[in-house]
Amino acid sequence: PDIYMPEYRMYTTVLQRYARPDNALFVAETGNRQEYARYLYPTLGHNGIGWSAFGMDYTRYSNYPLGAKHVNEETLAPFA
């Protein structure tokens with residue numbers, strides 16, 4: 001799924017609904033604001049096979065307000 005909900009309860013509810021024996025959990029897109037970095041671990045805890053923050057490059061693209069307003073070293077640090 002593409003998950004752009006920063007609230008813990010909502011994010012993990014989506015993970016739970018997609019993590020099924022007949023469906024490999026892969027978070028194809030998620031926000032790139034700092035608070036989204038913590039969701040890698042719950043994804044792995046649900047046997048996720050992949051997790052990708054959207055817009056994590058230096059193209060100067062910002063997916064604000066779904067993601068970070070600026071992509072810089074400070075934004076990237078929690079994901080490293």
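The table below gives the values:
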| read-out | value |
| --- | --- |
| Breaking point among (1) of a type outside the set (Asp, Glu); (2) at pLDDT 95 or above; (3) in contact with a helix residue (DSSP H, G or I) (Cβ under 7 Å, 6 or more places away or on another chain), for Ala53 | (2) |
| Filtered residues of segment 23-54 (kept if of a type outside the set (D, E, K, R) and assigned to a helix (DSSP H, G or I)) | Gln34, Tyr36, Ala37, Tyr39, Leu40, Tyr41, Pro42, Thr43, Leu44, Gly45 |
| Where a residue in segment 51-80 is surrounded by fewer than 16 Cβ atoms within 10 Å (Cβ to Cβ) and among the basic types (Lys, Arg) and its partner, wherever it lies, is modelled with pLDDT under 75 and assigned to a loop (DSSP other than H, G, I, E, B), with Cβ under 8 Å and at least six apart | Arg60/Val71; Lys69/Ser62 |
| Identity of the residue in segment 1-45, within 26 Å of Glu74 (Cα to Cα) and of a type in the set (Lys, Arg), that ends up modelled with the lowest pLDDT | Arg33 |
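The values are calculated or read from the model by the stated rules, or taken from the named source; none is laboratory data. This is a predicted model, so every value here is computed, not measured. For neighbour counting, all protein chains shown are included, and Cβ atoms are generated from backbone atoms with ideal geometry for every residue, glycine included.
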